[in-house]
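Participant: What follows is a structure written as structure tokens; I'll ask about it next.
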Amino acid sequence: MNTDAHGCSPARADKNVGDTAGRNACATSMQPFRAVVVVLLMTVIPHALAGTIVGNVHAEGKAGAADDPSCGKYDGNRQLKLAERVDYAAFHDFVVYLEGPVGTNWPAPAKPAQVVTRRVMQKDANFNPHVLPVLVGTTVEWPNEDEILHNVFSFSETKPFDLGLYKSPKIETVTFDRPGRVDIFCSIHARMSCIVLVRDNPFFATTNARGNYRIADVPPGTYKLRAWHERLPSQVKEITVPETGEVKVDFTLGVRNLPGPGR
């Protein structure tokens, strides 16, 4: 059998070259497949390793206030009889959220959120919803669906603005670029007010009519979870979110854990 200078036969050398070329061609053809696999893994894994936070939030008044005759007797004074008592069982607009940045910076949603003014008579003009939690960077539209002028404004340190006088079909917008609480009013109508809670991560939820909430796709870990209401002290609980499944966290908010007189 003939050999070359390196001791290899031409036939074997040709075979080795062919095998190498075949392996290179195969590796090249596999690259798009590998890229697809990597993309799929990057897409699937974060969602696979994520838990869900569920629970209920409700409010309670001071213990014993309803049973105290001196607190509950209003018949002797007409002004007191007309005074509206706080109905804690009817409280809604609770917001539950994870505190601080979680995992990474999250982009704002592409579709603007909306706070819509109801089409009612002037004395009943209102904002709906009354409380709107949004991710920092979100643009909120403020359409006026009444047949009267409104002037939406805020003097909040988080986001001061004045949209001026306008009504339909004009729609003004505000981009909330800093986290915090923004109290919003109408300069014309005394009862018109709402709150935008600007959060620095997307893991928040408002409660439904029964006080239940659900926060999905939360990365596993230990966090501080806060329940908030505009009229009550908020409450914070430390929780651990599992890699899969749910963790249940309930809250009862009330006027408690505050300094007493002279403190």
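Participant: Quick check on TYR166: is it modelled with pLDDT of 95 or more, surrounded by 14 or more Cβ atoms within 10 Å (Cβ to Cβ) and among the hydroxyl-bearing types (Ser, Thr, Tyr)?
Facilitator: no
Participant: Sort out which residues of region 156-179 are free of Cβ contacts under 8 Å to residues at least 24 places away in the same chain and basic (Lys, Arg), and write them in order of number.
Facilitator: LYS167, the sole residue that qualifies.
Participant: Taking region 200-246 as the search range and keeping residues that are β-branched (Val, Ile, Thr) and surrounded by fewer than 17 Cβ atoms within 10 Å (Cβ to Cβ), which one is farthest from LYS62 (Cα to Cα)?
Facilitator: Applying the filter and picking the extreme gives THR244.
Participant: Can you go through VAL182, VAL247, VAL255 and tell me which one is closer than 18 Å to PRO133 by Cβ and in contact (Cβ under 8 Å) with a residue 24 or more places away in the chain?
Facilitator: VAL182
Participant: For GLU157, work out the one condition from (1) over 25 Å from ILE53 (Cα atoms); (2) modelled with pLDDT of 90 or more; (3) of a type in the set (Asp, Glu); (4) surrounded by 14 or more Cβ atoms within 10 Å (Cβ to Cβ) it doesn't fulfil.
Facilitator: The single condition GLU157 does not satisfy is (4).
Participant: Among the numbered conditions (1) in a strand (DSSP E or B); (2) within 26 Å of VAL174 (Cβ to Cβ); (3) not hydrophobic (A, V, I, L, M, F, W, C), tell me where ASN201 comes up short.
Facilitator: Evaluating ASN201 over (1) in a strand (DSSP E or B); (2) within 26 Å of VAL174 (Cβ to Cβ); (3) not hydrophobic (A, V, I, L, M, F, W, C) leaves (1) as the failure.
Participant: Among the residues of region 247-263 satisfying the criterion of being exposed (fewer than 14 other Cβ atoms within 10 Å of the Cβ) and among the small types (Gly, Ala, Ser), which is modelled with the highest pLDDT?
Facilitator: Ranking the candidates gives GLY260 first.
Participant: Going through region 75-94 one residue at a time, which ones are surrounded by 10 or more Cβ atoms within 10 Å (Cβ to Cβ) and either modelled with pLDDT under 75 or of a type in the set (Ser, Thr, Tyr) (or both)?
Facilitator: Within region 75-94, ASN77, LEU80, LYS81, TYR88 meet the criteria.
The values are calculated or read from the model by the stated rules, or taken from the named source; none is laboratory data. As the structure is a prediction and not an experimental result, all values here were calculated from the model. Neighbour counts are summed over all protein chains in view; Cβ atoms, including those assigned to glycine, are modelled from backbone coordinates with ideal geometry.
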